[in-house]
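The values are calculated or read from the model by the stated rules, or taken from the named source; none is laboratory data. Worth saying up front: this structure is predicted, and the values here are computed from it rather than measured. We place every Cβ from the backbone using ideal geometry, glycine too, and count neighbours over all the protein chains shown. Just the protein is used for accessible areas: all its heavy atoms, side chains included, with ligands, DNA and RNA removed. Shrake-Rupley method; radii C 1.70, N 1.55, O 1.52, S 1.80 Å.
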Amino acid sequence: AGVAVQCDSGTSMQLPALQESVLSLAVREAVTNVVRHAQASTCRLRLEQQNGSCCLEIADDGRGFSSLEGNGLRGMRERVEMLGGTLERTNRSGTTLVITLPSKEVAAKNESGPK
C-alpha cells in the first residue's frame, strides 16, 4: 500500500484473551483506515504498559480526519469502552489513536466472571 510501518513495543506482555482480541481488531481497523483514507506515507504502532494499563498508539502522517466517526471507529470505541478502556483520537500532523485498557481490572473481570 506504500505505507512504511514502524512497530515499537516496550516489553513483552501477556494480555487476557478478550483484551488481546479487542486490541487486534483495533489494529486491523486503524491500519485499514490509514491505507484507505489517510494518504499517509508512514504509520507507527506502539504497545506498552503504563501505570497498570495497556496502551496502544497508532499514528500516521496522513491528511487527518473529519470530525465524524464512522462505523469502524464507533465499533472500536464501543469494544474498548466495554472493557473499561478509553479511545482518544487526535488530528495533529495526521491521525493518532490512543487506546488505553486497564490491565489488572480486565484480568480480574475475566477470572471472576461466569464460565
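For segment 1-97, the fraction of 1.4 Å probe accessible surface lying on carbon and sulfur atoms is 46 percent. Relative to the longest principal axis of the C-alpha atoms of the chain, give the angle of the C-alpha long axis of helix 103-112, reported between 0 and 90° and rounded to the nearest 10°. That works out to roughly 50 degrees.
Other residues with beta-carbon under 13 Å from the beta-carbon of residue 64 carry, at +1 per Lys or Arg and -1 per Asp or Glu, a net charge of +1.
DSSP beta bridges fully contained in the chain are about 75 percent antiparallel.
Across all Cα pairs in the chain, the calculated P(r) in 10 Å bins from zero up to the longest distance comes to 14, 46, 30, 9, 1 percent per bin. Listed peptides 80-88, 13-21, 66-74, 53-61 appear in the order 53-61, 80-88, 13-21, 66-74 once ranked by packing, highest mean of other Cβ atoms within 10 Å at the front.
Net charge near residue 79: determine it from the other residues with C-beta under 13 Å of the C-beta of residue 79, scoring Lys and Arg +1 and Asp and Glu -1. The answer is -1. How far is helix 71-82 tilted off the main Cα axis of the chain, in degrees rounded to 10, range 0 to 90? Once rounded, the angle reads 30 degrees.
Averaged over its residues, the chain has an accessible area of 61 Å² per residue, based on protein heavy atoms and a 1.4 Å probe. The residues neighbouring residue 7, those whose beta-carbon lies less than 9 Å from its own, together hold a net charge of +1 under the Lys/Arg +1, Asp/Glu -1 convention.
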